């Protein structure tokens, strides 16, 4: 019998006693994600190549929300570093129930001019790094009743830009790969109780959007149905759904959080 007593919907989103690792664990989007999970009762590990930034953010999260939060060093493109970070998160948090793959890289330029090192950097971080984190997290989750993995893709996975709008072929290609990797891993691991989904943010007021010149920003904004860039906290609803039992029957999906950018 389902308990539909008052508060039942809120309880489905609660993450009390859960443990999460966020890669790419620095910056505005990482902070919004960490705050979301912590506000729902989840302990959080933040990992990136800049451990000091992760530790500083973790301290703020712990103080604000009263949960355990730690900062870790992790080079997402290096398997030994990924394995070590996940093992440390499991040891210090007491387990791992949720993985958020937020680490990302880009390389700007016309495809005929992009050096191989630029292409490889983006693929190594965005695709291989995501796979490595998923694989090592899943090895723990398989033996511990399952878990939830949320990959961060991009609206760029569904768009092809002309040169004056965006010269980011390695980035969009890598994000499209993440969309397919998400559904593939969901199919492989469903029997182990692991749900794998992705969030595809549109142009958010952070990261790549801030590097665009004013003219390109204006053109990008005009191509969004809501006629504005998103805010980091506007990704949090989808994250809360996919990380929690509120999304317990959702796997293999990519949720666009783009203000209508993909259909404008």
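The values are calculated or read from the model by the stated rules, or taken from the named source; none is laboratory data. Please read these numbers as outputs of a predicted model, since none were measured by experiment. For neighbour counting, all protein chains shown are included, and Cβ atoms are generated from backbone atoms with ideal geometry for every residue, glycine included.
Structural remarks
- Options 221, 228: the member that is in a loop (DSSP other than H, G, I, E, B) and without any contact (Cβ under 8 Å) to a residue 40 or more places away in the chain: 228
- Residue 60 being surrounded by fewer than 18 Cβ atoms within 10 Å (Cβ to Cβ), modelled with pLDDT of 95 or more, under 19 Å from residue 145 (Cα atoms) and more than 18 Å from the chain's Cα centre (by Cα): no
- In region 126-142, the residues that are under 11 Å from residue 96 (Cβ atoms) and surrounded by fewer than 18 Cβ atoms within 10 Å (Cβ to Cβ): 139, 140
- Some residue of region 157-166 being more than 20 Å from residue 248 (Cα to Cα), assigned to a helix (DSSP H, G or I) and in contact (Cβ under 8 Å) with a residue 60 or more places away in the chain: yes
- Test: residue 38 is crowded, with 24+ Cβ neighbours inside 10 Å, free of Cβ contacts under 8 Å to residues at least 60 places away in the same chain, over 17 Å from residue 129 (Cα atoms) and within 18 Å of the chain's Cα centre (by Cα): no
- Candidate set: region 188-204, residues that are assigned to a strand (DSSP E or B) and farther than 14 Å from residue 130 by Cβ; chosen: the one nearest to the chain's Cα centre (by Cα): 201
- Residue list for region 145-156, filter: surrounded by fewer than 24 Cβ atoms within 10 Å (Cβ to Cβ) and either at pLDDT below 95 or out of contact with any strand residue (DSSP E or B) (no Cβ under 6 Å at 6 or more places or on another chain) (or both): 145
- Per-region count, region 126-144, residues closer than 18 Å to residue 243 by Cα and either at pLDDT below 95 or part of a strand (DSSP E or B) (or both): 0
- Restricting region 4-29 to residues that are touching a helix residue (DSSP H, G or I) at 6+ places or on another chain (Cβ under 7 Å) and in a helix (DSSP H, G or I), the residue that is surrounded by the most Cβ atoms within 10 Å (Cβ to Cβ): 29
- Only one of 123, 114, 100, 86 that is more than 20 Å from the chain's Cα centre (by Cα) and surrounded by 17 or more Cβ atoms within 10 Å (Cβ to Cβ): 114
- Count - residues of region 72-104 that are part of a loop (DSSP other than H, G, I, E, B), more than 12 Å from residue 47 (Cα to Cα) and touching a strand residue (DSSP E or B) at 6+ places or on another chain (Cβ under 8 Å): 5
- Within region 189-220, considering residues that are in contact with a helix residue (DSSP H, G or I) (Cβ under 9 Å, 6 or more places away or on another chain) and more than 24 Å from residue 106 (Cα to Cα), the one surrounded by the most Cβ atoms within 10 Å (Cβ to Cβ): 195
- Filter result for residue 172 (assigned to a loop (DSSP other than H, G, I, E, B), on the phi < 0 side of the Ramachandran plot, at pLDDT 95 or above and buried (at least 19 other Cβ atoms within 10 Å of the Cβ)): no
- Check on residue 167, surrounded by fewer than 19 Cβ atoms within 10 Å (Cβ to Cβ) and at pLDDT below 95: yes
- Residue within region 230-246 that is more than 13 Å from the chain's Cα centre (by Cα) and within 22 Å of residue 166 (Cα to Cα) present: yes
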